[in-house]
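Q: Before we start, here is the structure in question, set down as structure tokens.
The values are calculated or read from the model by the stated rules, or taken from the named source; none is laboratory data. Quick caveat, the model's predicted, so the values are computed rather than measured. Positions of Cβ are backbone-derived with ideal geometry, glycine not excepted, and every protein chain shown enters the neighbour counts. The protein model used for the area step is the full one, side chains on, heavy atoms only, and it has no ligands, DNA or RNA in it. Shrake-Rupley method; radii C 1.70, N 1.55, O 1.52, S 1.80 Å.
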Amino acid sequence: LPQAMPLTVNVKWGKQQFKGVELHTDKPIDEFKVQLFSLSGVPVERQKVMIPRSGQLKDDTTWDKYKLKDGMTIMLVGSVEEFKAPEKETVFMEDLPPTETFSVDYQPGLMNYGNTCYLNSTVQVLSKIPTLQDSLIKYSRNAGSSDAVSRNLGVLVGNLKDKGNSFLSLSNFIQSFRAVYPQFAEKGPNGGFMQQDAEECFSVILQSLRNVPGVIQGDIISDLFEGRFNVTTKCIENGDEPSETTVEPFQKIAVHIGNDTSFLSTAIKNRMMEQFDKNSPSLGREAIYEKITKISKLPYYLPIQFVRFFWRQDKNVRAKICKPVDFPFRLDLFEYCDEELQKSLAPNREAVRIAEEEKIHKNRGKKEEEEKKEGETKQEDTEMKDAEEVEDAKEIILENDTGLYDLVGVISHRGRSADGGHYVAWVKKDE
């Protein structure tokens, strides 16, 4: 039965028992199974969940089909995924003999100073943006640079370019960061620094980077991250009431995770078309309004935030939404752009489509025989084309002219608690 308050149950899995697990009867059954996965590591497809006096929990049913009560014990049956041992034994750096040289084709790691994973992961992702990297290094070498956070971040980013190091210290950067933003210097009862939110960290670093000169505009953040929304709000209950349109700048798109959110595309669609209640001046009462958001300017880089943490008033704690959401390696925002922007993007999108089709065609070897015959003549043409492309690359253009975004980096949080867990950065390897 749907309830305002969740049930608290115990889950028995083999010899282990998870006590105080929340069961929300107003949410789909698969969300509860995802919660069991986060606790036990048993994949959803391997789970067999037994409810006392009701039998096995089925995905195609609803909670009202089962006899549930607060404090009951539910049985979980299933094994975690089995991982195949690597064919080649992994050799760690510390196990290498002193005479053997250590080299790696990856960016160095950053030392964790105790709950600094939120900061480390943010720096790692930002450092992989070439234009930002160059601007920060240049800013750090300017004797007149006044912003300590940006200056020390520039030094750190410059050191990260040296792949000869296995890891680096946050050094002066973390000191200046906590001095300027003291909320990140908060300590717990044991005297250690507390875990912080990576998204808040990301936002305040971008705030400091407003002091770094841009390549085209006044500052580097405007160059790389700034986009614009056209937001139209209209009253659904009274079509005669004039609609209102505003222009809003943005540096990220924050999307919420609901029961229907299994894919990033769904989350963005819900974000760009929302309904809410407010007082209607024409009706003299509360009415339903619709807010439609369209993109009128695309940023060069697009940060997207999954809003996973929220405040639970009933327990007075920050809770985490653990529902998995799939996201693509290439994101297409064309349908969310306004009509004028779509018209300007269309020719470039067609050019990208043709180029990719030709690439696929070539990779499949359909033109292999033709390329053998014309290899010598094409070689000269290709070399000339490459030279022209290099010449054109000298002109810096920081705009997205297709509506397509390729994934560069991800910051993920492991764990169920907003005040604990561990942040990890995933960045695309240099080609």
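Q: Are any of the pairs 252/294; 19/48; 161/428; 128/161 more than 20 Å apart by Cα-Cα distance, and if so, which?
A: none
Q: Further question on the same structure: State the Kirkwood hydrodynamic radius of the chain in Å, one decimal place, computed from all pairs of distinct Cα atoms.
A: The Cα-based Kirkwood calculation yields 26.3 Å.
Q: Quick check on the chain: helices-only [θ] at 222 nm, where DSSP H runs of length 4 and up contribute -39,500 (n - 2.57) each and the sum goes over total residues. Nearest 500, please.
A: That comes out to -9500 deg cm²/dmol.
Q: Continuing with this model, one more query. Separation between the residue 353 and residue 310 pseudo-spin-labels, each 7 Å from Cα along Cα→Cβ, expressed in nm?
A: Taking the simple label geometry, residue 353 and residue 310 are separated by 3.8 nm.
Q: Let me ask you something else. Please give the length that would be gained between residue 65 and residue 406 if that part of the chain were fully extended, namely 0.36 nm times their separation in residues minus their C-alpha to C-alpha distance (nm, one decimal).
A: Working it through step by step, the gained length comes to 118.3 nm.
Q: While we're here: Highest first, please rank the peptides 158-170, 213-225 by the mean number of other Cβ atoms sitting within 10 Å of their residues.
A: 213-225, 158-170
Q: Right, next: Could you grab the relative contact order for the chain? Cα pairs under 8 Å, six or more apart, rounded to a whole percent.
A: Computed value for the chain: 13 percent relative contact order.
Q: Another question, then. Taking 0.36 nm per intervening residue step and subtracting the Cα-Cα distance, what contour gain separates residue 73 from residue 54 on full extension?
A: In short, 5.6 nm is gained.
Q: When only Cα pairs under 8 Å and 6 or more residues apart are kept, what is the percent relative contact order across the stretch 107-233?
A: So the answer I get is 29 percent.
Q: Would you work out what percent of the accessible area of the chain, with all protein chains in place, is carbon or sulfur (probe 1.4 Å)?
A: 51
Q: Residue 279 to residue 232: FRET efficiency via 1/(1 + (r/R0)^6), r the Cβ-Cβ distance, R0 25 Å, to the nearest 0.05?
A: According to the calculation, E is roughly 0.85.
Q: Quick one: accessible surface of residue 193, probe radius 1.4 Å, all protein chains present, in square angstrom to the nearest 10.
A: Roughly 60 Å² of residue 193 is accessible to a 1.4 Å probe.
Q: Follow-up. In nanometres, what is the gap between the two model label sites at residue 331 and residue 80, each 7 Å from Cα along Cα-to-Cβ?
A: So the two model labels end up 3.1 nm from each other.
Q: At residue 179 and residue 162, where each label point lies 7 Å from the Cα along Cα→Cβ, what is the point-to-point distance in nanometres?
A: Between residue 179 and residue 162, the label points sit 2.3 nm apart.
Q: So if each residue of separation counts as 0.36 nm, and I subtract the Cα-Cα distance between residue 19 and residue 319, what length gain in nm does that give?
A: My answer for the length gained is 106.3 nm.
Q: So for the chain, taking the charge dipole from beta-carbon charges (+1 Lys/Arg, -1 Asp/Glu), which of 270, 227, 412 sits furthest toward the positive end?
A: 412
Q: Using mean Cβ contacts within 10 Å as the protection proxy, how do 123-132, 148-157 order, highest first?
A: 148-157, 123-132
Q: Just the number please: accessible area per residue for the chain, 1.4 Å probe, all protein chains included, in Å².
A: Value returned for the chain: 61 Å² of accessible area per residue.
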